[in-house]
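Laboratory data are not the source of any read-out in this text; all were calculated from the coordinates shown. Because the structure is predicted, anything quoted here is derived from the model rather than measured. Here the Cβ positions follow ideal geometry from the backbone for every residue, glycine too, while neighbour counts run over all protein chains shown.
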Amino acid sequence: MPRVSGLAVSPDGSRVVTTVARLNDKRTEFVTALWELDPAGAQPARRITHGAKGESSPEFTAGGDLLFL
């Protein structure tokens with residue numbers, strides 16, 4: 001079952017990004033990715049990162065840029 005954490009909302013409220021962790025194919029460790037959610041709920045969630053080592057800790061700057069580890 002995926003684990004969701006690290007919810008970040010852009011300063012203007014137009015973007016919501018979260019970290020989703022899923023087990024790898026061998027089921028030996030979790031791999032993380034960032035997903036963008038539609039604040040209005042009209043669109044499905046969209047995966048926005050695909051790094052092999054995973055990404056986490058989304059944060060928005062005051063100007064609305066997305067930063068993450």
What residue, of Pro11, Pro44, is without any contact (Cβ under 8 Å) to a residue 40 or more places away in the chain and either of a type outside the set (D, E, K, R) or touching a Ser or Thr at 6+ places or on another chain (Cβ under 6 Å) (or both)?
Pro44
Count, please, the residues in region 19-48 that happen to be surrounded by 17 or more Cβ atoms within 10 Å (Cβ to Cβ) and hydroxyl-bearing (Ser, Thr, Tyr).
2
Tally the residues that are exposed (fewer than 11 other Cβ atoms within 10 Å of the Cβ) and either in contact with a Leu (Cβ under 7 Å, 6 or more places away or on another chain) or of a type in the set (Asp, Glu) (or both), restricting the search to region 49-69.
2
Can you tell me which residues in region 14-47 are part of a loop (DSSP other than H, G, I, E, B), within 16 Å of Pro2 (Cα to Cα) and in contact with a strand residue (DSSP E or B) (Cβ under 7 Å, 6 or more places away or on another chain)?
Asn24, Ala45
